[in-house]
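A short reminder: the numbers here are calculations on the coordinates, not readings from a lab. Worth saying up front: this structure is predicted, and the values here are computed from it rather than measured. Using ideal geometry, Cβ is built from the backbone for each residue, glycine included, and neighbour counts are taken over all protein chains shown.
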Amino acid sequence: MSYRDLRNFTEMTRALNYNRLISLDNFRVSNFPLVAEIVIWLVRRFDPDANIYSEFKTEEDRVILVRSVVQFMAINNYIKLNSKRLYQADGYSVKELLKIIVLLYNPLKYGYNNNICEETSFMNSVDISSKISELKLTRELASQITLKGAILYELLGTEVHQLKYIRKICINNQYELGDLEEGLKEAILQAQYNLSNTQNLIDNIAVTEANLDAKIGKRQVELDRNKKRLQTLQKMRPAFLDEFEKIEVELHCLYQDFLTRFRCVTFLEQLLEDSEMIDQERMEAQQAEMRKILEKIQQEEALKLLDGSINIFHYEEHESNLELEESALNKPTVTRARTSTGPERSRVYGNMTAEDGSLESDSDLLLDDDDNSQLLASDDDLELLDVDVAPPKHSDLSEDDF
């Protein structure tokens, strides 16, 4: 960038009637909006109908604008611009802008305005609509050339080193024209054979595609018919559905009743087991108490014998009574649930042949009137027991004999 370039650029824009004055200090720093406005104005001077991207707010918009301007100048005016410097929008971009503005300023400077007007009028008189078909064909050919070039470049880039070496050797060698002609003919025949095979495959694909389309159409028709049938069946209510719902309600009620009864039976069985267990424990406790009483009586009798305070006859009689009591205790007891409705009676366990003193002191322990027991107490129930209940028998001995 030089002062001379900046001065020439400002003078040229002023001579071309730019809509604002440009100072030399505008390009000291990057000023892309000003450069964008100048570039768009210059392009419009070349072609008022040019399709140029005019947005430059974002970075992508600026890149598109610079690219479109560079492409337009290269195609229409054969001017090669440096897009990087043009994008910088500083003093270096002035050199690129001078390349464009000089083309507009020179005719004005040397007085060729009349010729330009005549040429412009002649160009406007030409009917461009007749060239539209050629323009389309040219664009298609240009796109194909670009595509083929890219494919060729990729293939050359993927070429193996050994194949590249062989290709160079073949190029450097000198071949006879006859050999080359035969090789080309063989290559042409091979290409035609491959082309015919490919064409057959394409034809088969077309036939297969037609068959698949026919099958798809047939399946679609069946699907629509089945959908309609499904909708019809969903709208219809079966005749047995009312009876089914009624039976379902009854079954639900029966199931609830079954659950209630099952729970009650289970609870009652548990209560029965608990009651039997309590009765068994009570009987075992009573038998254990009786054994303790008998052991105590035996100990007292043994002490009396050691003291010599009882005669032999009385001793034998007491021994027989104790044996009877032990045999009565060792007999199994039978328990039944109470079924009679008669008055409750107390149940007596053991033998009634003990001494008066022992009967008076231990009689309360042998009765179970106060424990509200549920054992059998009626006269009929007492007959079923295996225990012999004897009337109380008092000893002939008095307390003075001891």
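Per-structure values
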item	result
J(HN,Hα) series, segment 204-213, from Karplus relation 6.51 cos²θ - 1.76 cosθ + 1.60, nearest Hz, glycine and proline x	5, 5, 5, 5, 4, 5, 5, 5, 5, 4
Taking only Cα atoms of segment 168-261, radius of gyration then Dmax in Å	37.7, 113
All lysines inside 30 Å of Lys246 as judged from Cα atoms, apart from same-chain residues fewer than 8 positions distant	Lys235
Cβ-based exposure ranking for Met277, Met283, in which fewest neighbours within 10 Å come first	Met277, Met283
Violating pairs (Cα-Cα greater than 31 angstrom) within the set Lys148/Lys185; Lys57/Lys80; Lys57/Lys148; Lys136/Lys218	Lys57/Lys148; Lys136/Lys218
Chymotrypsin sites (Phe, Trp or Tyr not before Pro) lying in DSSP loop within segment 227-314, provided at most 15 other Cβ fall within 10 Å	Phe240
Scattering curve values for segment 3-127, log₁₀ I(q)/I(0), Debye with Cα scatterers, q = 0.16, 0.18, 0.19 Å⁻¹	-0.81, -1.01, -1.11
